[in-house]
1. Would you please state which residues of the stretch 206-237 a label at ARG133 would reach in this model, taking the label point 7 Å out along Cα→Cβ and a backbone N cut-off of under 15 Å?
2. Run the reach check for LYS170 against lysines, Cα to Cα strictly under 18 Å, same-chain hits fewer than 8 apart removed. What comes back?
3. Only helices at least 30 Å long along their axis, Cα-based, and averaging 0.0 or more on Kyte-Doolittle count here, so list those DSSP H runs from the chain.
4. Give, in nm to one decimal, the length gained when the segment between VAL145 and ARG175 is fully stretched (0.36 nm per residue of separation minus the Cα-Cα distance).
5. Mean separation of Cα pairs under 8 Å and 6+ residues apart, divided by the residue count of the stretch 47-156: what relative contact order is that in percent?
6. Which of these, PRO30, PRO291, PRO257, has the largest mean-square fluctuation under a Gaussian network model of the chain (Cα springs below 10 Å)?
7. Please get the size of the charge dipole for the stretch 82-151, origin at its Cα centre, with Cβ charges of +1 on Lys and Arg and -1 on Asp and Glu, quoted in debye to the nearest 20.
8. Using the count of nearby Cβ atoms within 10 Å as a rough guide to exposure, how do GLU132, GLU234 rank from fewest to most?
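Quick note: the coordinates plus some simple rules give every number you see, no bench work behind them. For clarity, every value in this text was computed on a predicted model and none was experimentally measured. Virtual Cβ from ideal backbone geometry, glycine too; neighbours counted across all protein chains shown.
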Amino acid sequence: FESIVPGELGDPAVRAAEVPEPGAVTVVVPTFNESANIRQLLWQITESVPARLPCEVVFVDDSTDDTPEVIAEAARDCPFPVTVLHREVPEGGLGGAVVEGLKTAGSQWIVVMDGDCQHPPSLVPELIAAGERANAGLVVASRYVEGGSRAGLAGGYRIAVSRGATWLTKALFPRRLRGISDPMSGFFAIRRSAVTAEVLRPLGYKILLELAVRSRPRQVTEVPFVFQDRFAGESKSSAREGLRFLRHLVGLRTASPVARMLVFGLIGATGFVPNLLGLYGLTAAGVHYVPAEVLANQLGVAWNFLLVEHLLFRDRRGHRKGWDRLGRFALLANADLVLRIPLIALFVHRFGMGALSATALALVTTFVLRFAGTEALVYLP
Ligand code: GDD
Ligand code: MN
């Protein structure tokens, strides 16, 4: 880190030892090129946080513009400590930045909010009060409870996307997200004791989702909030960020081997589409159906490989080279096919099974073997 620490603050380690008075709050703000919003945000926080609530603000910055300098300058007029952690390597994007902030926060309560004034700082004391009242580890500022709204989410398209994403996410994690109406919110308070930074693997915007699913705070409560208009500039979100979100969801959902096997199977099932299309094209071009089958199958294998690489084992690719992985993956997939027929014969002739049940058992057996093989031989944990 390159740390700019204005005022009388020491380095972060020393500061962490000074701050944790009971009831104190660290406000963590991720920033990416937000220089036009900084003064307004710090001013709003100054207005909102009463003197009885000791407060510090930690910016975690990945900017390519002069945001860190603007923060350092604006911090001189603040009645509370302000720190900037500037990251040279913006790993994990917004979520990665927030986790860095959580790690250095010294207070009992940590509030995470955006740097563009879409999250009203006037709610900071209320979030903490609600958490103390409910004895909660996590307090979510929600747009979807009575009194909240998404006024600042411009455009029907973004609203529809946001709704769909919220619905999908809640459907994927019904238990972990119970009691959280707005798992996509970027505005929340969390007790320092509820943060288990070691288990977090943040990826992009949805850091609250990451915390709710992996840190599992014991008690959650919500406070309504109105998502404001941006003070200046434009959202940094993009279609690319949308893809990152899908990868994040898959990563969260496939933390257990059983879930991973399920997704592996689903990906395998989608391989039928390129497989059949290839078969159709090749036979239409006059290729004999046997070599056509073999070739078309490789198309399905390639398709599966791409999906498995980019969705399922994205974090586990580092151990082997790309060609090595592809070779091993294809070998396992074809071994699966070659193994199937003798296995069926074995089940029928040795164990007297019917052809249908023997085929089903052979399919399941080779599938489990292929999954285990892919985990162990292609993507090391
Ligand atoms: N450090 C860092 N690194 N900060 C980032 C990055 C990054 O890669 N990307 C964005 N930020 C900062 C922005 O500078 C801003 O302070 C905050 O994160 C939110 O970014 P926006 O680009 O303004 O997000 P948004 O308004 O589209 O989305 C917000 O609202 C959504 C709900 O509709 C976020 O809070 C989302 O998490 C939330 O789901
Ligand atoms: Mn915003």
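1. 220-225
2. LYS206
3. Helices meeting the criterion: 322-351.
4. 8.9 nm
5. The normalised contact order for the stretch 47-156 reaches 26 percent.
6. In this elastic network of the chain, the residue with the biggest mean-square fluctuation among PRO30, PRO291, PRO257 is PRO291.
7. So the magnitude is around 120 debye.
8. Result, fewest neighbours first: GLU234, GLU132.
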